[in-house]
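The values are calculated or read from the model by the stated rules, or taken from the named source; none is laboratory data. Because the structure is predicted, anything quoted here is derived from the model rather than measured. Here Cβ is always computed from backbone atoms with ideal geometry, including for glycine, and neighbour counts include all displayed protein chains.
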Amino acid sequence: MRAWVLSETDVLPTLQYLEDPKPVSENQRLIRIVNSSLNHRDIWIGKGQYPNIVFPCVPGSDGSGYMDNEPVIMNPGISWGENQEVQSDNFHIMGMPSQGTFAEYIVADKKQIHKLPKHLSCEEAAAIPLAGVTAYRAFMVKCQPTKDVKVLITGIGGGVSLWVLKYAVAIGCEVFVTSRYQDKINKAISLGATGGVNTSETDWSKQLYTLSGGVHIIIDSIMGNTLPDLIKLCLPGAKFCFYGASGGKTDNFSPHSIFWRQISLFGSTMGSDKDFSEMLKFISDHKIRPVIDTVFPFTKLPEAMERMKNSKQFGKIVLDHSK
Ligand SMILES: NC(=O)c1ccc[n+]([C@@H]2O[C@H](COP(=O)([O-])OP(=O)(O)OC[C@H]3O[C@@H](n4cnc5c(N)ncnc54)[C@H](OP(=O)(O)O)[C@@H]3O)[C@@H](O)[C@H]2O)c1
């Protein structure tokens, strides 16, 4: 089969011919991948900025395709375990060290394989797994939103961020967003956000306070030196959940800004098997469609990665494995 292989840090993946994978136990199934999609994880691995990298590897955590004649998607989270609070020590994500979805075939455990939501095509469903479940756990499971809350989602161009937007709009929350690009804010408003501010402007956090009057929930993956400004936007009792830190470490952070106003600051990662199943039900019940930025031919993975590296995207970048 054809598969994209990452062999070392800071070198583009190369398209190679590998042996087709074969199920080795009763519990495994072979899937012909029709579409896959990118996550920032694929970029971090390529840059060598991910824990326990094993080269060579076939990256890619999201995929949809056919198991015999049935359209399916896969939960990229493997071995979460029984504890809903936290993943087990054996937890890992498809696409390094195990073979990922940037290939023509993959072998997955029966437990990972799910039917496609009926209202979605394979192309759309490939945009769900990793970003969809991360957003579902961080927002729906950990923040327990109701329709009367105000929610702030940062870096709205991102794959996970836009899933949070979709869930929040489906519930009826009032949503505010940030981005470094005005056109992404405008697109988010067209998807149901009330408003947003451009974080390239120095007084963005004041502007956001004027616009929103403060928020009950913040979902973030940037952190870095935006954290102190974001905390100022929290209403008393607010929940601040972050699942990444693309902006790096935070300097000069004052913990006093947190406790007096009873703010909960906590992290979230991926989602359990239960979260994944509940997310698919929520997407089906609300007939939610993903935001897809671009569909690239399978042979154009390096171009697709470049688009993500440069934050050009608004939504998920999908690969079409027939091209
Ligand atoms: N813990 C987990 O389980 C988990 C799961 C998924 C993702 N993540 C992490 O969460 C982050 C987002 O992942 P993703 O796949 O959604 O990525 P993505 O699609 O590339 O989106 C990230 C968005 O964040 C904003 N952004 C990125 N770098 C920034 C910076 N330095 N300063 C300000 N804004 C920045 C950009 O928004 P604008 O262009 O709108 O400004 C960008 O579109 C990554 O760090 C990823 O590793 C963690």
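Restricting the stretch 304-323 to residues that are outside any strand (DSSP E or B), away from the ligand (no atom under 14 Å from the Cβ) and touching a strand residue (DSSP E or B) at 6+ places or on another chain (Cβ under 6 Å), which is modelled with the lowest pLDDT? Steps first, please.
So in the stretch 304-323, the residues outside any strand (DSSP E or B) come out as 304-315, 321-323.
Filter once more, keeping what is away from the ligand (no atom under 14 Å from the Cβ): 321-323.
Filter once more, so that each one left must be touching a strand residue (DSSP E or B) at 6+ places or on another chain (Cβ under 6 Å): 321, 323.
Working: His321: 98, Lys323: 94.
Ranking the qualifying residues of the stretch 304-323, first place goes to Lys323.
Within the stretch 242-250, is even one residue of a type in the set (Lys, Arg), in contact with an Asp or Glu (Cβ under 7 Å, 6 or more places away or on another chain) and within 16 Å of the ligand (Cβ to nearest atom)? Explain how you work it out, then say what you get.
Keep residues of the stretch 242-250 that are of a type in the set (Lys, Arg), which gives 249.
If we keep only those that are in contact with an Asp or Glu (Cβ under 7 Å, 6 or more places away or on another chain) as well, we get none.
No, the conditions are met nowhere in the stretch 242-250.
I need the full set of residues from the stretch 223-241 which are on the phi > 0 side of the Ramachandran plot, within 16 Å of the ligand (Cβ to nearest atom) and not hydrophobic (A, V, I, L, M, F, W, C), in order please. Lay out the reasoning, then the answer.
Start the filter on the stretch 223-241 by keeping residues that are on the phi > 0 side of the Ramachandran plot, which leaves 223-224, 237.
Subsequent filtering for residues that are within 16 Å of the ligand (Cβ to nearest atom) retains 223-224.
Gly224 - this is the single residue of the stretch 223-241 that is on the phi > 0 side of the Ramachandran plot, within 16 Å of the ligand (Cβ to nearest atom) and not hydrophobic (A, V, I, L, M, F, W, C).
Could you tell me whether Ser254 is over 21 Å from Ala138 (Cα atoms), in a loop (DSSP other than H, G, I, E, B) and among the hydroxyl-bearing types (Ser, Thr, Tyr)?
Working: over 21 Å from Ala138 (Cα atoms): yes; in a loop (DSSP other than H, G, I, E, B): yes; among the hydroxyl-bearing types (Ser, Thr, Tyr): yes.
Yes.
Condition check ((1) under 19 Å from the mean Cα position of the chain (by Cα); (2) assigned by TED's automatic domain parsing to the domain that holds Cys234) across all residues:
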site: Ile263; (1), (2): no, yes
site: Asp273; (1), (2): yes, no
site: Leu280; (1), (2): yes, no
site: Asp285; (1), (2): no, no
site: Thr294; (1), (2): yes, no
site: Thr299; (1), (2): no, no
site: Asn310; (1), (2): yes, no
site: Gly315; (1), (2): yes, no
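Out of the residues in the stretch 23-65 that are within 16 Å of the ligand (Cβ to nearest atom) and in a strand (DSSP E or B), state the one that is nearest to Gln313 (Cα to Cα).
Step one: list which residues in the stretch 23-65 are within 16 Å of the ligand (Cβ to nearest atom), which gives 36-53, 59-63.
Checking the rest, the ones that are also in a strand (DSSP E or B) come to 36-37, 62-63.
On the way: Ser36: 16, Ser37: 12, Asp62: 17, Gly63: 19 Å.
Only one residue tops the list, namely Ser37.
For the stretch 108-184, list the helices (runs of 4 or more DSSP H) that sit wholly inside it and hold at least 2 residues that are away from the ligand (no atom under 15 Å from the Cβ); which are they? Reasoning before the result, please.
Working: elements: 122-125, 129-135, 159-171.
It comes to 122-125, 159-171.
Residue by residue, here is whether (1) within 13 Å of the ligand (Cβ to nearest atom); (2) not polar (S, T, N, Q) holds:
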| position | (1), (2) |
| --- | --- |
| Thr202 | no, no |
| Gln207 | no, no |
| Ile218 | no, yes |
| Ser221 | yes, no |
Scan the stretch 196-218 and report the pairs whose first residue is in a helix (DSSP H, G or I) and whose second residue is within 16 Å of the ligand (Cβ to nearest atom) and of a type in the set (Val, Ile, Thr), with Cβ atoms within less than 6 Å and a gap of 6+ or a chain change. Trp204/Val197; Gln207/Val197; Leu208/Val197
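Regarding Gly65, is this residue within 25 Å of His114 (Cβ to Cβ) and crowded, with 21+ Cβ neighbours inside 10 Å? Don't jump to the end; show me each part of the working.
Details: within 25 Å of His114 (Cβ to Cβ): yes; crowded, with 21+ Cβ neighbours inside 10 Å: yes.
The answer is yes for Gly65.
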Those residues that are at pLDDT 95 or above, more than 19 Å from Ile93 (Cβ to Cβ) and either among the hydroxyl-bearing types (Ser, Thr, Tyr) or within 16 Å of the ligand (Cβ to nearest atom) (or both), I need them from the stretch 251-282; list them, please. Ser264, Leu265, Phe266
